[in-house]
Amino acid sequence: FLVDKGNHRHFMLKEIYEQPEVVARTTAHYLDMANGKVRLPADLPFDWAKLPRISIAACGTAYLAGLTAKYWFERFARIQVDIDIASEFRYRETPMVPGGLMIVVSQSGETADTLASLRYAKENGQHVLAVVNVPTSTIARESHIVMPTLGGPEIGVASTKAFTCQLAVLASLAIAAGKGRGFIDEADEDRLVRAMMEAPRYINEALKLEGHIAQIAKSLSKAPNVLYLGRGTSYPIALEGALKLKELSYIHAEGYAAGELKHGPIALVDEAMPVVVIAPYDRIYEKTVSNMQEVAARGGQIILVTDEKGAEHAGIDSIATIVLPDLPSTITPLVYAVPVQLIAYHTAVEMGTDVDQPRNLAKSVTVE
Ligand code: G6P
């Protein structure tokens, strides 16, 4: 496989720009776009309606895709989901109801802790489904069901296109689960599939904001700390934003559920603290805005990532607003992932760090 950077300065930037194409490829694989239906993996060894529970284990960015999926599975399929960091899951000796579904998410398919979690789940009578980018990997080989992310080889250590492809697979699976459990009817399925089909186009729109984001990154690169806030499916995106920023730029960053602000992080907020608020105009937008007001009242420097309606209703002075188009709420994580990737990328470029090979990090962690 010949892999080069093309016209891009870094593999990471190239991979960020590949997202419309690879997400389109992945969604086309799992969704029957012409008929507005999810294409299930053939011959699932379980019945969605009888499934007692879903468990998810993964590491790093893959874990954050899993955390996003928890919101989708619970909402679309009304099924309880346990999600855990694989290094915790593998040693916790958690009881598992036999016949449950274990989902492992991994770009490389070789992450040691994720593999150990898979083996534990198998020993404990779970159906194991892998969402992996490398179909020949150990995790793919040892799983009962494999749903590949069709992202192509990912070279940048910080995962980008693998993440959005994982989200595309997991959203498709959650719609299938909702259908299988009778909480999604054909009209809902059609609507959700059509929303998913739009994701590549919106990702493309998000990429057009790169120049504006590069400007914002100039001020971020001077900050010693950055806080990211979000609620619902924007909470994992806040975590992903903070993870990416610290990995690439070495700036201390933390992601928080916006509602947790007053339980700790607000103590850190002063005029020197940039706070990136991920707030699409969804059913919990108002709640996030009220957290944002608490930040503003303490002089925190707000960088608001929202959509057109959200920008209109924010009623607050932010130092910067990144405005995405209004889009269906189901796909917001797939699209909002892009600005947080670009913020981290450009802050790192501004600081002159090694974007594709950040210090102390490895692409694939095959040892504990
Ligand atoms: C490393 C990489 C991350 C990745 C994580 C999990 O930390 O730097 O980008 O998210 O491993 O890897 P996996 O291959 O299991 O997705």
Across (1) over 14 Å from the mean Cα position of the chain (by Cα); (2) near the ligand (Cβ under 10 Å from one of its atoms); (3) touching a residue at least 40 places away in the same chain (Cβ under 8 Å), Ala86 clears everything bar (3)
Of the residues that make up region 18-34, is at least one surrounded by 20 or more Cβ atoms within 10 Å (Cβ to Cβ), touching a Leu at 6+ places or on another chain (Cβ under 8 Å), closer than 30 Å to Glu254 by Cα and β-branched (Val, Ile, Thr)? yes
Quiz item: Can you spot a residue in region 348-367 that is buried (at least 19 other Cβ atoms within 10 Å of the Cβ), touching a residue at least 12 places away in the same chain (Cβ under 8 Å), touching a strand residue (DSSP E or B) at 6+ places or on another chain (Cβ under 9 Å) and hydrophobic (A, V, I, L, M, F, W, C)?
Solution: no
By residue number, the members of region 49-70 that are assigned to a helix (DSSP H, G or I) and either acidic (Asp, Glu) or buried (at least 19 other Cβ atoms within 10 Å of the Cβ) (or both) are Gly60, Thr61, Ala62, Tyr63, Leu64, Ala65, Gly66, Leu67, Thr68, Ala69, Lys70
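This table checks each residue for (1) crowded, with 23+ Cβ neighbours inside 10 Å; (2) at pLDDT 95 or above.
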site	(1), (2)
Ser249	yes, no
Glu254	no, yes
Val269	no, no
Glu286	no, no
Ala297	no, no
Gln301	no, no
Gly315	no, no
Pro339	yes, yes
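Each row is one residue, and each column tells you yes or no for (1) touching a strand residue (DSSP E or B) at 6+ places or on another chain (Cβ under 8 Å); (2) among the hydrophobic types (A, V, I, L, M, F, W, C); (3) within 23 Å of Ala168 (Cα to Cα).
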| residue | (1), (2), (3) |
| --- | --- |
| Lys218 | no, no, no |
| Lys222 | no, no, no |
| Ile237 | yes, yes, yes |
| Ala242 | yes, yes, yes |
| Ile266 | no, yes, no |
| Asp270 | no, no, no |
The correct count of residues that are at pLDDT below 90 and acidic (Asp, Glu) in region 1-33 is 1
Test: Val335 is touching a residue at least 12 places away in the same chain (Cβ under 8 Å) and either buried (at least 22 other Cβ atoms within 10 Å of the Cβ) or polar (S, T, N, Q) (or both): yes
Sole miss for Ala296 among (1) more than 30 Å from Leu192 (Cβ to Cβ); (2) of a type in the set (A, V, I, L, M); (3) not in a helix (DSSP H, G or I) is condition (3)
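The values are calculated or read from the model by the stated rules, or taken from the named source; none is laboratory data. Note that the coordinates shown come from a computational prediction; the quantities given were computed from them, not determined experimentally. No Cβ is skipped: glycine too gets one built from the backbone with ideal geometry, and neighbour counts run over all protein chains shown.
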